[in-house]
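Q: This is the structure, below, for whatever I ask next.
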Amino acid sequence: LRGEGEFRELGLRTEPGRYLFSGPFKFRWDRKSEWTFYSPQLVSPFARVELNGRVSIQKNIDLGIKGEVMDLNQARQFTSLILSKKFAFPEIRGRGSANLRIFGEYASPQIQAKFSMSPGGFDKFDVNSVEGEFEVISNGLFGRFDIKDPFMEGKIGLISNPEEVNTDIRLSRGFAERILPNLGIVFPLQGEASGSFEVKQKNKDIQVGG
């Protein structure tokens, strides 16, 4: 069975937990469990993307999404809803471009993403620009980010799971008075510096080394 249609929901009244879309789409159903679908431009309040995917119900999924993201945190919430999966890593936010792939077992797919956000943010950090990639496997997240900001520039490596978050920060330059409070460190230190920090967070306990 083949068909095509168009979402025309933008502008309608919405409610919490419901997301509105606009844009054309095509689909194919094998009359059993497999669906394939494509949209050249699917528009929502948080993104404008090209969508291409295949889903075998209760078996596997392979979904590609690429385009412009206006609200990364809202896009994360939507992804969590459609996958029925609560992500264990801290808040991510920003606007920019992204290329996302969701694939693997239907009940527990993997996520791979490359993105460029300006501005962007993660947990307690907000920066002018961030580029990077991350993977979500089971309940863990593995990420690598390049950050640029007048107050901080460098690379961040991240490993996160439901028990703890480990962050490796390698700064080519940064201002102590802007960085240390975000690491949970209360210390009267000011000025520009460079170096490496390792932050381990478990529940409300934070350990910092460097």
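Q: Which ranges mark the strands (runs of 3 or more DSSP E) fully within the range 1-101 that have 3 or more residues being surrounded by 15 or more Cβ atoms within 10 Å (Cβ to Cβ)? Quick ask: steps written out before the conclusion?
A: Numbers: elements: 2-8, 22-29, 34-44, 47-56, 60-69.
Correct list: 22-29, 34-44, 47-56, 60-69.
Q: Sticking with this one: Filter the range 102-111 for residues that are without any contact (Cβ under 8 Å) to a residue 40 or more places away in the chain and either within 11 Å of residue 65 (Cβ to Cβ) or surrounded by fewer than 14 Cβ atoms within 10 Å (Cβ to Cβ) (or both) and give the result.
A: Across the range 102-111, the qualifying residues are 108, 111.
Q: Just wondering, is there one or more residues in the range 125-133 that are touching a Leu at 6+ places or on another chain (Cβ under 8 Å) and hydrophobic (A, V, I, L, M, F, W, C)?
A: There is no residue in the range 125-133 that is touching a Leu at 6+ places or on another chain (Cβ under 8 Å) and hydrophobic (A, V, I, L, M, F, W, C).
Q: Additional query: For residue 171, only one of the following conditions fails: (1) farther than 30 Å from residue 83 by Cα; (2) at pLDDT 85 or above; (3) loosely packed, with under 15 Cβ neighbours inside 10 Å; (4) not hydroxyl-bearing (Ser, Thr, Tyr). What is its number?
A: (3)
The values are calculated or read from the model by the stated rules, or taken from the named source; none is laboratory data. What you are looking at is a predicted structure, and each value in this text was computed from that prediction instead of being measured. Positions of Cβ are backbone-derived with ideal geometry, glycine not excepted, and every protein chain shown enters the neighbour counts.
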